[in-house]
Amino acid sequence: MLVGKLLTGNRERLVVEVLDKYKGTRSIDCRIYKVLSDGELMATADGVTISPEQVGSLVDLLQEAVKKAREKEGAARS
């Protein structure tokens, strides 16, 4: 089930999907897709598949990364 797409480059998209797995378990897939010349998307090997239970930890890590990136931006401007 498609959750959404994020523009990551001129010819790339980050696609987030919920995947149905073996015996009804589900996972979250975040994968880079290439945009082909006809506009179609083709999945690449670049990405990660995690369990729904891991999403909170991933969000925490991403928030920490944003905080550190902003700290470095501020230090560079000083």
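The values are calculated or read from the model by the stated rules, or taken from the named source; none is laboratory data. If you're wondering where the values come from, they're calculated on a predicted model, not measured in any experiment. Positions of Cβ are generated from backbone atoms using ideal geometry, with glycine treated the same way; all protein chains shown enter the neighbour counts.
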- Residue tally, condition surrounded by 13 or more Cβ atoms within 10 Å (Cβ to Cβ) and within 16 Å of Val55 (Cα to Cα), over the stretch 19-44: 5
- Query: Is at least one residue of the stretch 50-66 among the hydrophobic types (A, V, I, L, M, F, W, C), touching a strand residue (DSSP E or B) at 6+ places or on another chain (Cβ under 9 Å) and free of Cβ contacts under 8 Å to residues at least 24 places away in the same chain?
  - Reply: yes
- Query: For Glu71, which of the numbered conditions (1) modelled with pLDDT of 95 or more; (2) part of a helix (DSSP H, G or I) fails to hold?
  - Reply: (1)
- Task: Give the stretch 51-60 a look and list any residue that's in a helix (DSSP H, G or I) and either among the basic types (Lys, Arg) or surrounded by 10 or more Cβ atoms within 10 Å (Cβ to Cβ) (or both), or say none.
- Result: Pro52, Gln54, Val55, Ser57, Leu58, Val59, Asp60
- Sole residue being in contact with a helix residue (DSSP H, G or I) (Cβ under 7 Å, 6 or more places away or on another chain) and not small (Gly, Ala, Ser), chosen from Ile32, Ile50: Ile50
